[in-house]
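**Student:** Attaching a single structure in structure tokens format; questions to follow.
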Amino acid sequence: MSALPRTAEVIVVGGGVVGLATALALAEAGLAPVVVEAKSFGGAVTGGSLAGIGAHMHGLPEYDLMRAACGLWRDLATDTGNPFEYRAQGQIGFILDPRDVASGETWVREERALGADCRMLTPAEASEVEPLLTGPIVAATFAPDTATVNPFLAARTLLRRACEKGARAFEHTPITALTVEDDRIRGVQTASGERIAAAHVVLAAGPWTANLAAMANVALPLVPRQAQCLASVRQPPDTLRRVISAVEDAGGVNSGYTQIQQAQSGQILFNTVTAPTATPPEAKDQIREVPPGFVVESIDMLLRLFPALAQIELLRSWVRFEAVSPDHRFLAGPLPVAGLWVCAGDNGSGYCRALMLGRYMAGRIGGGASLPDALIEQAGRLYDPARFGEVA
Amino acid sequence: MTARLHVDVAVIGAGPGGLAAARAAAEGGARVVCLDLFAAAGGQYHMQPTQPESRFAQTPQVLSGRDAARAARSAGVEILTRTEVFWVAGTEDGGYCLSACQAGAEALSIRATTLVVASGAMERPLPFPGWTLPGVIGAGAAQRLLKTGTGALPVPGKAVLAGSGPFLMAVAQTFAKAGQPLAHFVEYRRPNPRATARLLARHLRKLAEAFGLLRDLRRSGAERHFGHIVTRALGKDRLEAVEIAPIDASGRPDPARVQRIEGVGTLAIGYGFQPVTDVTAALGADHGFDPALGGWHCIVDPATGASSRPGLYAAGEVSGIGGASPARLSGRIAGSHAAAAALGRAAPDAAIVAPLAAELAAARGFARGLAALYPPLPDLPLDLAPDEVLCRCEDVTLAEVRAAVADGARETFAVKMWTRAGMGPCQGRICGAAIAAELRRAGTRPEAAGFNRPHLPLRPTPLPVVRAALAAERGST
């Protein structure tokens, strides 16, 4: 590997999907960024993600941005020959409790009013689009354009493409200090004592972002939250055809969540959390295992919905840490130190937004037009890091 | 219904190390359970025949294994066979909770105050051209086939035994005792009589064993090729022929002197062993890398068998490949200490344990000497075709692994993420050595490449069994 450069126009700290998408957009804008990743590219939150690409049930205020974000993934798949298993599988939002039907109907009605193609399904219709879904559901939502990507290969594609366009990326290069002089960022210092000077530094390190910002005396309201997933041994293709998720009143993951899907490799990925437990801040720096209660709940929900899967074998499990913000939206934009930027706060669904946020950040830093004006205005309003008041 | 047990000491593995540990712990006054995935206690070393008329029924290795299991049971140990531990976790009170699958279908949950891991070793598969052809098996697997079942290899055709290390001679001995013809014996290293004599002179007790191995290698009738390597396995749908070549001064096979062996039914290949560290690694104990000990192994204090994690002990091959003698001795030491710790007593009687430590040091010394005679090969000096499969679970080729390394993967974990190598049922146990070799070629030392950390479940386990065992564990807290 080549040596770390002494200077860069922009340094992106964090080599997950958000950092790599930001690096790609910066490189496309001609800003030749340097990416520094503490461990392996995409090895933390990104690699543990289920990488759902869809706007369904993510809330109306962000809807246009989400649609644009999904379109960017579809376009990237087309432009690159799809080396990252982009598949528009469609998403079923299952409803087990009759009291939740109204909430599903509201989601569908409001999203349709914004031009979405989603609809309600009866249990019979649901088992037509997902034959093994024979559990006691009372209704379901269906969003046919929700897609998934392979989280590892998509991150690798972003990395390779960013490097082709002038980015340089360094793994196993943790940052130990941010250099600030006269309220302006001057660069970063790595664990091996090397310094890289830069006019701009973007902190895109998921649940570690708040620790990095603290190096510049900036307090960010981001806290880590443990999330986890299970995988079965390979099953025949099309055992499951769609992304299966729970319909929740509030949307997002706050009220607990379920997501079930079959990866292109054949493994069935599934998780159910009914009551998120507190995650100590230091947990993200430890190697953690899935809690037994989570495993029991997840197996129960999978087999309740898909009784035919009762005898499959569990293959693996993993834990990841999401970065949670107070209003469950990203923090993307400038920080009170000139030249210091943040792009973090996935709240458990960062994959979908990554390309859109990368474009947004590149536009803010470089000044070019990377997204339509209306979306830039919307993103500026929704993602402003200063929206919680003074953060320094 | 999930079976539940509560014990002072749980021992994982009923091979020489595990049985010794379990017996010592029981003799120290602890309530002990010893778990093993095979149908009979004894492990690989004391492998018990499955048919009473087996030629191996009366061999010293089988009889001593039976005696060790009997002695452990007499001391009060409960031995549970066909029991596969699929998860171990620390409990809030500082103990351990084991989740196991019995007979492939029943859930078992065990609470133990202290834990001894004696999970043994597995063959270290190194890829070579044609290594995935049906008919190519591990040397240890060949030995298991001969010692159990009908005592014959399942396919007709010549048998070729190849690889490197003293275990290869033990397998040749098994061929001889089974009366199974062995056509060729191919050992990478050349004999070093002077160094061998020096080692045996320091360990005279091993002399008879060494002569027995040499005698039986001759008795097997195999054509012997020292300083040779299998360069290729060939066949259309299954193994038909094997090519071997002499090793030149640079350590590489001489392509001009390749010799083809036709009509081969079985190629048993063994380049040594690696410790089975999934339990100790899952529990986060410190591990080290030493080629002479089989690579990654659990670091223990030899005087007590204690790992870096309180209440967790390791014995035998888990703490470094060394064979049955160090396993037995380290098992006794670890079992004594695990029992004392579980019962809240001071350390076991020094008068008993101290001599064991001295014996263990001597036995480890012999193992070190053997490892020096047969230095383990970190990889094979053979060129693989780009489409050769390295990860057999997920069908990942050498070319895919090289592309990932070229794209910036610098550790085993990164290769796994980008290629899926290690994401299948074996969880990297089979392909780990090959991936490490490939990373080494690209400049990453094995110590830096790391290993795939095991997670729940350690082995693929039916969902109902996982659920039942973990629900039982949850209920007890």
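**Student:** Is there a residue in region B:122-135 that is within 30 Å of B:Gly335 (Cα to Cα) and either of a type in the set (A, V, I, L, M) or open to solvent by less than 30 Å² (accessible area, probe 1.4 Å) (or both)?
**Tutor:** yes
**Student:** Sticking with this one: Any idea how many residues of region A:296-318 are more than 7 Å from chain B (Cβ to nearest Cβ), crowded, with 21+ Cβ neighbours inside 10 Å and over 16 Å from B:Ala468 (Cα atoms)?
**Tutor:** 2
**Student:** Considering each of B:Ala39, B:Ala26, B:Ala22, B:Ala10 in turn, give the residue that is touching a helix residue (DSSP H, G or I) at 6+ places or on another chain (Cβ under 6 Å) and either buried (at least 23 other Cβ atoms within 10 Å of the Cβ) or of a type outside the set (Ser, Thr, Tyr) (or both).
**Tutor:** B:Ala22
**Student:** Right, here's the next one. Out of curiosity, is B:Arg224 within 24 Å of B:Ala152 (Cβ to Cβ) and open to solvent by 50 Å² or more (accessible area, probe 1.4 Å)?
**Tutor:** When the stated conditions are applied, B:Arg224 passes them.
**Student:** Determine whether region B:250-262 contains at least one residue that is in a loop (DSSP other than H, G, I, E, B), modelled with pLDDT under 95 and in contact with a Phe, Trp or Tyr (Cβ under 8 Å, 6 or more places away or on another chain).
**Tutor:** no
**Student:** Cβ-Cβ under 8 Å, sequence separation 6+ or interchain: first residue in region A:108-136 and free of Cβ contacts under 8 Å to residues at least 24 places away in the same chain and open to solvent by 80 Å² or more (accessible area, probe 1.4 Å), partner among the aliphatic types (A, V, I, L, M) and assigned to a helix (DSSP H, G or I). Which pairs?
**Tutor:** Note: pairs meeting the criteria are A:Arg119/A:Val108.
**Student:** Picking from A:Thr279, A:Thr274, which residue would you name as being without any contact (Cβ under 8 Å) to a residue 40 or more places away in the chain, β-branched (Val, Ile, Thr) and more than 9 Å from chain B (Cβ to nearest Cβ)?
**Tutor:** Answer to the selection: A:Thr274.
**Student:** State yes or no: is A:Thr209 assigned to a strand (DSSP E or B) and either open to solvent by less than 60 Å² (accessible area, probe 1.4 Å) or of a type in the set (Asp, Glu) (or both)?
**Tutor:** No; evaluated as a whole, the condition is false for this residue.
**Student:** Quick one: how many residues across region B:153-187 are closer than 26 Å to B:Ala385 by Cα, surrounded by fewer than 23 Cβ atoms within 10 Å (Cβ to Cβ) and in contact with a Lys or Arg (Cβ under 6 Å, 6 or more places away or on another chain)?
**Tutor:** 1
**Student:** Enumerate the pairs (first residue in region A:222-236 and at the interface with chain B (Cβ under 10 Å from one of its Cβ atoms); second residue anywhere and among the basic types (Lys, Arg)) with beta-carbon separation below 7 Å, excluding pairs fewer than 6 apart on the same chain, so at least 6 apart or on different chains.
**Tutor:** A:Ala231/A:Arg316
**Student:** Give me a count of the residues in region A:275-323 that are touching a strand residue (DSSP E or B) at 6+ places or on another chain (Cβ under 6 Å), aliphatic (A, V, I, L, M) and part of a loop (DSSP other than H, G, I, E, B).
**Tutor:** The qualifying residues number 2.
**Student:** Could you grab me the full set of residues in region B:368-378 that are farther than 15 Å from B:Leu168 by Cα and in a helix (DSSP H, G or I)?
**Tutor:** Listed by number, the residues that qualify are B:Arg368, B:Gly369, B:Ala372.
**Student:** So, in region A:77-114, how many residues would count as being assigned to a loop (DSSP other than H, G, I, E, B) and more than 24 Å from the chain's Cα centre (by Cα)?
**Tutor:** Of the residues in region A:77-114, 2 are assigned to a loop (DSSP other than H, G, I, E, B) and more than 24 Å from the chain's Cα centre (by Cα).
**Student:** Which residues, counting only those in region B:136-152, are open to solvent by 20 Å² or more (accessible area, probe 1.4 Å) and assigned to a loop (DSSP other than H, G, I, E, B)?
**Tutor:** Selection gives B:Thr148, B:Gly149, B:Thr150, B:Ala152.
**Student:** Residue by residue through region A:181-206, note down the ones that are open to solvent by 20 Å² or more (accessible area, probe 1.4 Å) and of a type in the set (S, T, N, Q).
**Tutor:** Result: A:Gln189, A:Ser192.
**Student:** Further question on the same structure: Can you list residue pairs whose Cβ atoms sit under 8 Å apart, with the first residue in region A:283-295 being within 7 Å of another protein chain (Cβ to nearest Cβ) and the second being in a loop (DSSP other than H, G, I, E, B)? Count only pairs 6 or more apart in sequence or on different chains.
**Tutor:** A:Ile287/B:Gly284; A:Ile287/B:Arg453; A:Glu289/B:His455; A:Glu289/B:Leu456; A:Val290/B:His455; A:Val290/B:Leu456; A:Val295/B:Leu456
**Student:** Also, I was wondering about something else. Output the number of residues of region B:431-453 satisfying the condition of being facing chain A (nearest Cβ under 9 Å) and out of contact with any Lys or Arg (no Cβ under 8 Å at 6 or more places or on another chain).
**Tutor:** Summing the residues that are facing chain A (nearest Cβ under 9 Å) and out of contact with any Lys or Arg (no Cβ under 8 Å at 6 or more places or on another chain) in region B:431-453 gives 2.
**Student:** Would you pick out the residues in region B:386-440 that are open to solvent by 30 Å² or more (accessible area, probe 1.4 Å) and β-branched (Val, Ile, Thr)?
**Tutor:** Those that are open to solvent by 30 Å² or more (accessible area, probe 1.4 Å) and β-branched (Val, Ile, Thr): B:Val389, B:Ile430.
**Student:** B:Gly288 is checked against (1) over 21 Å from B:Asn192 (Cα atoms); (2) under 19 Å from the mean Cα position of the chain (by Cα); (3) open to solvent by less than 20 Å² (accessible area, probe 1.4 Å); (4) in contact (Cβ under 8 Å) with a residue 60 or more places away in the chain and fails just one. What number does that condition carry?
**Tutor:** That leaves (4) as the condition not met.
**Student:** Among the residues of region B:392-402, what is the count of those that are hydrophobic (A, V, I, L, M, F, W, C) and at pLDDT below 95?
**Tutor:** Total meeting the criteria: 1.
**Student:** Sticking with this one: Can you report the number of residues in region B:225-265 which are on the phi > 0 side of the Ramachandran plot and of a type in the set (Asp, Glu)?
**Tutor:** So the count comes out to 0.
The values are calculated or read from the model by the stated rules, or taken from the named source; none is laboratory data. Keep in mind it's a predicted model, so treat the numbers as computed, not measured. Every residue, glycine among them, receives a Cβ derived from its backbone with ideal geometry; neighbour counts consider all protein chains shown. What goes into the accessible areas is simple: the full protein's heavy atoms, side chains included, and nothing from ligands, DNA or RNA. Shrake-Rupley method; radii C 1.70, N 1.55, O 1.52, S 1.80 Å.
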